[in-house]
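Only the coordinates and a few stated rules stand behind these numbers; no lab work does. Keep in mind that this is a model prediction, so the values were computed, not measured. Reconstructed Cβ throughout: ideal geometry from the backbone, glycine too, with neighbour counts over all protein chains shown.
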Amino acid sequence: MHRLAPLVCAGLVLAACSGPAAPPAVRVAGVPFHAQEGFRCGPASLAMMLGWTGLDVRADTLEAAFARRSGDPRKVLVAAAARYGRFAYPVSGLDAVIAELDSGHPVLLLENRGVAEKPLWNCVVAVGHDRGALLVNGGGQAGRAVSFDLLERLWGDAGHWGLVILNPGDLPVAPRRDGVVAAAANLGLAGRHWEAVLAYDAALARWPGDSEALTGLGASLRLLGDAQGAAEAYRAAAESTSTVAETRDGRRQ
């Protein structure tokens, strides 16, 4: 018994000195690289995100969407992704970004390299993380390590805004109902009604009977010429709204 004690203690000392094991590095596969030349960070980042979903889109073909608008590129990025039939879902905060990367989803990040009064927007694509740093495709380099501290300074001034772009029917790691319905609606506004149907179906699989998703589904089906499907969706939306109202009234009594 006494002979074993020093060995056990030595093991405890070694464990204490080594500390907890670092989490394994994560790298999202299949993200193409487009160099961000000049002021093409937005088009290049969007091309990388769309390429990961299976669309071969050149950065220069996306420049027109950004040239028509100056300033904050968030709305441009979301609308452009929807025009290509992709589900664009904003995320916020490092934990959310890490969760998406761990699930194999790249995340487009918006940085502010200026000051609050005079922002200088820059886009990069997070493709992984390793030992306290994000791995990003940005500028002329793929997989560049950016420490969390530096990221906080650049990304924090842009409101910790990120964008996940997925194939319609897929959902982010921790979806919010309102965000999913809004992303589906953006597809409809872009004229991508079949993709909107897929997104609304995914929302309803997650939140059955949601009246907003059912209403959006009905509108998309109507525009696709499916009158019967649209009527069924509208009917289900009305029934869901009525049930919610009755439940609310019952709680007040």
Inset, instruction - DSSP loop (so not H, G, I, E, B), at most 10 other Cβ within 10 Å: list which trypsin sites (Lys or Arg not before Pro) in segment 30-119 pass both filters. - result: ARG68
Legend entry - Sum of side-chain charges, ALA59 neighbourhood, beta-carbon under 15 Å (Lys, Arg +1; Asp, Glu -1): -2
Inset, instruction - Please give, to one decimal in nm, the separation of the simple spin-label points placed at ALA182 and LEU223, each 7 Å out from Cα toward the Cβ. - result: 1.9 nm
Inset, instruction - Distance between Cα centroids, segment 178-193 to segment 35-101: provide it in whole Å. - result: 16 Å
Inset, instruction - Using every Cα-Cα pair within segment 26-166, state what percent have a distance larger than 23 Å. - result: 24 percent
Inset, instruction - Determine the relative contact order of segment 26-166: mean sequence separation of Cα pairs under 8 Å and six or more apart, normalised by residue count, in whole percent. - result: 29 percent
Inset, instruction - Quick one: Debye curve from the alpha-carbon atoms of segment 183-244 only, equal weights, vacuum; give me log10 I(q)/I(0) at q = 0.12, 0.22 Å⁻¹ to two decimals. - result: -0.24, -0.78
